[in-house]
């Protein structure tokens, strides 16, 4: 596309934060190092999901030439904060809204690659890969093993998305807000927002993606728009990975139940196969090492989440904050 035919865009980049001042500072530093896409006016917004403005000074002190705003969302729950960021972006006249997590850092060309994919595809929702990175502290042998499993899992997810995109099937990619770009028509024309009914359960971004796919709206994958997630030691344990998979499974179960596609009989059959697969996974741990440990934690957590869902439990995924 020539410069004469390239329309000027307004992009608002958003992050939600809660009780992670050090990680937030690292994200803000990566924002200041970002290359700005051509013919694009870029602004940034941090929404703190807290009863009081603990991180306001950190945000406002990190502007360094950026058009950077801060908002406080006192209703605790990540979909409340995400929707607050969306409203801010729309009020500022943004054509595009990007999300990234407060425990991540973005590559210098992240925005350039995201906007280039939007201009190429004109998709309404675009995702990109996330790479897991170690913390800046020494790790035990056990935690290093689990980190290798997490890194392998992230690489596998990115590779699957890359293949689906290359095969012309981007609708099969689940796009979540750890690396996310949306066109304003999703909010203004299609009236989509993040579901606030279970604000602590997590999964409102997956539910948003599910609705985009259900409506047949265009999606795309920006494979070179890299984001890096630091894994603190508290996440590199079997128990944490089990709990996270359990709560993600429970949140998914609840969402599917609302959509009318939850059937106890089919879930029972699937659960039986999953439990069998979990047993097989346990036998492979001595051979697979870290990836096997992670697979076992997540497989057993997934099964536990489905069982709890059948018993009427609700996910509390975001009640626990990890990281600094």
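The values are calculated or read from the model by the stated rules, or taken from the named source; none is laboratory data. Fair warning: this is a prediction, and the values are worked out from it, not measured in the lab. Because the Cβ atoms are built from the backbone with ideal geometry, glycine has one as well, and the counts that use them run over all protein chains shown.
Couple of notes before you dig in:
- In the stretch 5-22, the qualifying residues are those that are more than 21 Å from the chain's Cα centre (by Cα) and assigned to a loop (DSSP other than H, G, I, E, B), and the one that is farthest from residue 134 (Cα to Cα) is 5.
- Checked against the criterion of being modelled with pLDDT of 95 or more and over 28 Å from residue 23 (Cβ atoms), the candidates 218, 225 yield just one match: 218.
- So residue 236, is it more than 17 Å from the chain's Cα centre (by Cα), under 30 Å from residue 28 (Cβ atoms), at pLDDT 70 or above and crowded, with 19+ Cβ neighbours inside 10 Å: yes
- Residue among 209, 261 that alone is out of contact with any helix residue (DSSP H, G or I) (no Cβ under 8 Å at 6 or more places or on another chain), assigned to a loop (DSSP other than H, G, I, E, B) and either surrounded by fewer than 18 Cβ atoms within 10 Å (Cβ to Cβ) or modelled with pLDDT of 85 or more (or both): 261
- Some residue of the stretch 91-108 being touching a strand residue (DSSP E or B) at 6+ places or on another chain (Cβ under 7 Å) and farther than 22 Å from residue 34 by Cα: no
- Meets criteria (more than 25 Å from residue 170 (Cβ to Cβ) and outside any helix (DSSP H, G or I)) for residue 25: no
- Applying the criterion of at least 2 residues that are assigned by TED's automatic domain parsing to the domain that holds residue 21, within 21 Å of residue 211 (Cα to Cα) and within 20 Å of the chain's Cα centre (by Cα) to the helices (runs of 4 or more DSSP H) found wholly in the stretch 44-163 leaves 78-91.
- Residue check, residue 198 surrounded by 18 or more Cβ atoms within 10 Å (Cβ to Cβ) and out of contact with any strand residue (DSSP E or B) (no Cβ under 6 Å at 6 or more places or on another chain): yes
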